[in-house]
Structures are given as structure tokens and as C-alpha cells.
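The values are calculated or read from the model by the stated rules, or taken from the named source; none is laboratory data. Since we're looking at a predicted model, the values are computed, not measured. Glycine gets a Cβ as well: all are built from the backbone with ideal geometry, and neighbour counts include every protein chain shown. For accessibility, only protein heavy atoms count, side chains too; no ligands or nucleic acids. Shrake-Rupley method; radii C 1.70, N 1.55, O 1.52, S 1.80 Å.
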Amino acid sequence: WRGNNGDAMTKLIFDTNVCGTLLTPAYEDDLADIKARISRRFKIVISPQTLVELLDALTKSDSSHFELHKDRLRLMAGGGRPVFLMFPAAFALKRILGLNSPAVKFGPADFEQWFRIVLRAKSRDEMLQGFVTDPRGDPSQTYGLNPEEISRQQKVGKAEHKKRLQLLQASKHPMPSGIEWAKRLALDLGHRIAKEQASRLYQGLDAAYRYDKELCRIASRPNYNFDKHDGDWIDYHQLFYLCDPQLCLLTDDKGLVRRVGDSPQKDRILVMREYLTVLGFSLNQ
């Protein structure tokens with residue numbers, strides 16, 4: 001996938017692992033050129049899944065790594081003003097069916113505020129204690145982040161995902177059909193949809209459905225360790241954005257590609273190390 005930044009509709013999301021890997025010493029000498037070449041081909045947009053994962057890592061880390069975590073957020077955002085998407089399922093519901101989800105608490109304006117609070121913070125403690133000021137606003141007004149509130153939806157989502165897979169493992173029930181899967185997804189987002197709508201939603205989320213189906217197959221094994229694979233929930237939801245035919249995902253996880261099988265959306269999942277070769281970099285990582 002080549003992309004063309006001249007077309008504002010050609011967009012790229014950085015998966016969380018890309019934001020970490022590209023800031024390792026192995027890529028240090030080429031990083032500026034890598035970012036420049038990618039930005040010429042794509043408009044960088046931000047998945048809140050990536051943002052929340054990076055914020056979670058930042059709040060759990062010690063103060064000495066605060067600037068490194070800020071650099072990961074800057075890399076995630078690309079150049080210019082950051083463009084945040086809605087949460088993935090809500091994004092898909094809106095993009096495919098034109099429906100807003102009443103079940104989603106946070107949106108792009110919240111994500112941008114969190115992002116700017118972190119970048120304005122002089123230290124991790126200042127951020128967590130709510131002492132961050134806005135140089136463009138009232139100097140007596142301060143801001144901070146509540147990491148528990150930010151990550152709550154993801155924690156709930158991961159817990160429900162684990163519970164669903166455990167029930168499938170215990171009961172040996174098959175993966176639901178694409179239409180039933182789409183109906184349940186919409187219901188979780190606050191909508192009862194008709195069969196025709198469910199068909200459109202399922203077809204628009206082909207890669208996500210195939211990934212979920214493969215994950216259910218793997219999780220049916222008696223020795224599957226649910227706690228060691230909670231990151232699968234994040235990967236699964238990143239794929240929801242592929243419902244937009246002009247949106248691609250850059251990841252450092254080859255397994256993500258394998259799990260979507262022959263999905264027609266597969267060619268918009270770019271494996272980072274392979275794509276850097278396409279861009280002309282001879283890296284031996």
C-alpha cells in the first residue's frame with residue numbers, strides 16, 4: 001500500500017508497538033527520515049486504543065522515563081495538530097451505519113485534552129497531581145490525568161472479552177455467524193439493528209470478525225492462558241478502523257496479519273519492518 005498524502009482521505013494509524021520500536025537505538029539514525037517518508041504518503045491519525053495503552057504505560061512507569069513516554073506520544077501523533085478518532089467500535093458504527101453510540105463516554109476532544117496535558121506536564125508527578133497549567137489559558141487553572149478513569153473502559157472491555165472466551169472454551173459453542181456477531185456488537189453500543197444493517201456492519205468489519213474467529217479457535221484449547229493474551233483485545237479493536245477503506249494500520253506484529261486470514265482488508269495492515277523495506281530502508285533488525 002503506497003498511500004498519498006496529497007489525498008486527505010489516505011490515513012495511517014500507528015499501533016502501540018510501533019511507537020515503542022521506532023524509538024529504540026536500532027532506528028535512531030533513520031528515525032527522522034522514516035517519519036518524513038511516511039508523512040509524505042499518509043496523513044497520521046490516532047487510535048484511542050494506542051493513546052490509552054501509551055498513557056497506561058506512562059502512568060505505571062517511574063519518573064525517569066517520563067520524557068521517553070512523551071516522545072512515544074509525539075511519534076504516535078505525527079506532525080501538525082493531532083487528529084484523534086473515536087473509539088473503534090463507535091467509529092465503525094458511525095462509519096458504516098451512520099449511528100452514534102450512547103454507550104461511549106469519551107470522544108476525540110477528550111483524547112486531545114489528555115494528550116496536551118501530558119505534553120505540557122514538566123514531570124510525571126505534576127501530571128498525576130493535577131498541577132499542569134495551560135499557557136494559553138487562565139494561569140490559576142490547573143489540569144491533570146486520572147489514569148484509572150482513562151483506562152477504565154479498556155479494563156472493562158478486556159474483562160468482558162476474557163469472560164466471553166472462557167465461556168466459549170467451557171461450552172464449546174461455535175463462533176456466531178457474522179450477522180449475529182454484528183448484532184451483538186451493535187447492541188453493546190446501544191442499538192438494536194435489523195438483519196440488513198447487521199450484514200453491512202459485519203461486511204465492513206471483515207478483518208476484525210476473522211481475527212475474532214481465529215482468536216476463539218485458539219482460545220478453545222484447554223491450555224490457553226487468558227491472562228497472557230489480554231493484548232489480543234487491543235489488536236482486535238485496532239482492526240475495526242479498517243472499515244474505512246482509506247485507512248491503514250502500521251504494526252510491528254506479524255501475527256495480526258496471519259489472524260485475519262484472506263480478508264480483503266488485509267493489504268491495509270502494514271507490517272512495520274516489511275514496510276520500511278518498501279520505503280527504501282535497509283535495516284537489519
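With the convex hull drawn around the C-alpha atoms of the range 26-65, the volume per residue stands at 101 Å³. Using a probe of 1.4 Å on the protein chains alone, the accessible area found for HIS65 is around 80 Å². Per-residue accessible area (protein heavy atoms, 1.4 Å probe) orders TYR202, TYR241 as TYR202, TYR241, starting from the largest. For the range 216-273, a simple Cβ point-charge model (Lys and Arg +1, Asp and Glu -1, everything else neutral) yields a dipole of about 260 debye relative to the Cα centre. Per residue, the accessible area of the chain comes to 50 Å² when a 1.4 Å probe rolls over the protein heavy atoms. If only the Cβ of Lys and Arg carry +1 and only the Cβ of Asp and Glu carry -1, the dipole of the chain around its Cα centre is close to 880 debye. For the range 141-285, the spherically averaged projection of the C-alpha convex hull amounts to 12.8 nm². Here the range 14-98 is treated as a Stokes sphere of Kirkwood radius computed over C-alpha pairs; at 37 °C and 0.692 mPa s its diffusion coefficient rounds to 234 µm²/s.
Most fluctuating residue of ALA186, ALA198, ALA26 in a GNM of the chain with Cα springs under 10 Å: which is it? Highest fluctuation among the options: ALA26. In this structure the amide hydrogen of LEU99, modeled in the peptide plane, comes within under 5 Å of the amide hydrogens of LYS94, none closer than 5 places in sequence on its chain. Largest mean-square fluctuation among ALA219, ALA36, ALA182, in a Gaussian network model of the chain whose springs join Cα atoms under 10 Å apart, belongs to ALA36.
Net charge dipole, the range 176-269: roughly 320 debye, given to the nearest 20, about the Cα centre with Cβ charges of +1 for Lys and Arg and -1 for Asp and Glu.
Note on surface exposure: LYS183, LYS60, LYS155 rank LYS60, LYS155, LYS183 by accessible area, highest first, 1.4 Å probe. Calculated on the Cα set of the range 1-153, radius of gyration then Dmax: 16.4, 49 Å.
Residues considered: LEU239, LEU119, LEU55. Largest GNM mean-square fluctuation over the chain, using C-alpha springs under 10 Å, is found at LEU119. Report the calculated FRET efficiency for ARG136 and GLU196 (r = Cβ-Cβ distance, R0 = 45 Å), to the nearest 0.05. The value I calculate is 0.40. The accessible-area ordering, largest first, of the residues ASP267, ASP262, ASP33 stands as ASP262, ASP267, ASP33, per a 1.4 angstrom probe. Accessible surface of the chain, 1.4 Å probe: 49 percent of it comes from carbon and sulfur atoms.
Each Cα pair under 8 Å and six or more residues apart adds its sequence gap; the mean of these over the residue count of the range 213-285 is a relative contact order of 24 percent. Beta-bridge orientation, the chain: approximately 15 percent antiparallel, per DSSP, counting only bridges with both partners inside.
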